[in-house]
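The values are calculated or read from the model by the stated rules, or taken from the named source; none is laboratory data. Because the structure is a prediction, the values reported are computed rather than measured. Here Cβ is always computed from backbone atoms with ideal geometry, including for glycine, and neighbour counts include all displayed protein chains. Accessible surface is based on the protein model in full, side chains and every heavy atom, while ligands, DNA and RNA are left aside. Shrake-Rupley method; radii C 1.70, N 1.55, O 1.52, S 1.80 Å.
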Amino acid sequence: MRALNALVLKLAGRRKSLTWQISLLFVLISFLVIAAMGFSVDRMLAGELLESNDALLLGNMALLRNRLARLGSSEEILASPQLVELLGMSYRKLGLAVLDENRRILRASEEFNIPVSMLPQQAVPIEALPDRVDEAAARELRTRFGNLTRQWTAPDGRWYEVLLGRLSLPRTGAEVQPKTVLIALSFDRSLPRELLARYRKGLVETLVLSVLAAAALGIWSARLVLRRARRMAATAGRISAHALNERLSLEDTPEEFLEATLAFNHMLDRLADSLRRLSEFSSDLAHDLRTPIHNLLGEAQVALSRPRTAAEYREVLESAVEEYERLSRMIENMLFLARADNAQVRAAPQWIDLRDFLVNMLSYYELLAEERNIHLALDVQAEQGAPLPHAKLRVWADELMLNRAVGNLVSNALHHGPPDCTVTVRAVARADGSADIEVANPGPGIGAKYLPRIFDRFYRPCSAREGSSAGSGLGLAIVKSIAELHGGEIRVESEAGVLTTFTLSLPGAGGA
């Protein structure tokens, strides 16, 4: 099969045209099938037409024996005009000759033209022949007497097979010993050879016509089958960044191409969504970079508009440092997300005491919470029914990444929570190191139409972009990437005007 495939590919050319490959497969399969069937039939015909000649000659010899036995005495037999006419009861391609013991021809039919020297050396006793001769009887006689016949080719090219038999004639009253004659039967084998030659010629012609028909059928079938692929290629050729609305129709799609068509349409959906996100990402990135750059440029231009004191220049530089820090954080966050997308960042999980970790985390944000007059609450417990003591509330995670993810959630809650509210951090630990960490804050909430995109980069669900200088819009995207690096997930639930809850689920040691 590999050799056949290699031959098809070689004949089809380096381009590996599917049309030619399918056509050549049609040709090769039809050629092999017809050739195999023709060869089998040829062998069968050759066996039937050529190998059954012994039985034919022996059967006619037995028939002659029975006829001669009914004619009477030796003189009557030898003088009988019916002697050479007995062949008319048999097969028209048979020739008959009656010879004496010295192999002199006494009588011969017109069809008999075999030289005496070409007769078989051994004569078969006709009395040993059964009344009914078939292939089994012929094989048995060949076993007893050896080769029974001899072949001779005439000058005109005709091919004969000769059988010689010995027959003892009935004795007359004056005869002391029975008289013996030799009977020679010849069979013209040219007809079976001509039949086989015509058959083989027809077989070759059939093979040629079948190959041509199979090639035409293969080309037509391949083009019919590949028409769908060409339509997909034409659709793909019409697609550009400004025209992603093309889709393949499923109504006239063959079942074999249905999966490929669905995959192609889904790929176009993903491409359209990716290009949309990329366009929005570029727009948001340009906006978020433009603000600090404009601030820096404006402050520098104002500072250089007239001579100023060292204290004034210091004030301008201090203001610039804040903008530089914001730019640095934005670039660092973008680099982290890019590395996470390209599998250049891997989590290095370890056992972390969940309660101590969250206590330290909230203590870091206490000052910011006091400035906003927001209270922080912590609740860490084991999963209900889990056999965990108070001191064994641990999580299996990368400490630096977990610190960054939970910190972003707490910072987001403090930024969007109203004054005099309480931001609650709840954690549920399990024995396998998995945990759910929830960060909830009251407030205006997130509209349902914004929830599907809340974890997109640079996405902030506010049309006026108020407070855009306070954040880059990358915090929740980083939380999602960190959750995925751990094999977990991040979910959000928001009840407008009541509560917004982010839940970070980590799979623990068994699922990381």
What does the charge add up to near residue 439, with Lys and Arg as +1, Asp and Glu as -1, over the other residues with Cβ less than 13 Å from its Cβ? -2
What percent does the relative contact order of region 205-313 come to when contacts are Cα pairs within less than 8 Å and at least six residues apart? 15 percent
So, by mean Cβ neighbours within 10 angstrom, what's the order for 434-442, 261-269, 307-315 with the highest one leading? 434-442, 261-269, 307-315
Under a 5 Å amide H to amide H cut-off, with H placed in plane at 1.01 Å, what residues pair with residue 108 once short-range neighbours are removed? 98
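In region 352-421, carbon and sulfur make up what percent of the accessible area (probe 1.4 Å)?
48 percent
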In square angstrom, what is the accessible area per residue of region 94-228 with a 1.4 angstrom probe? 57 Å²
Packing-based ranking, highest mean first, of 483-493, 116-126 given that Cβ atoms within 10 Å are counted: 483-493, 116-126
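Mind checking the per residue accessible area of region 289-360 for me, 1.4 Å probe, whole number of Å²?
Heavy-atom accessible area per residue stands at 69 Å².
Using a probe of 1.4 angstrom, how much of the accessible area of region 217-273 is carbon and sulfur, in percent?
59 percent
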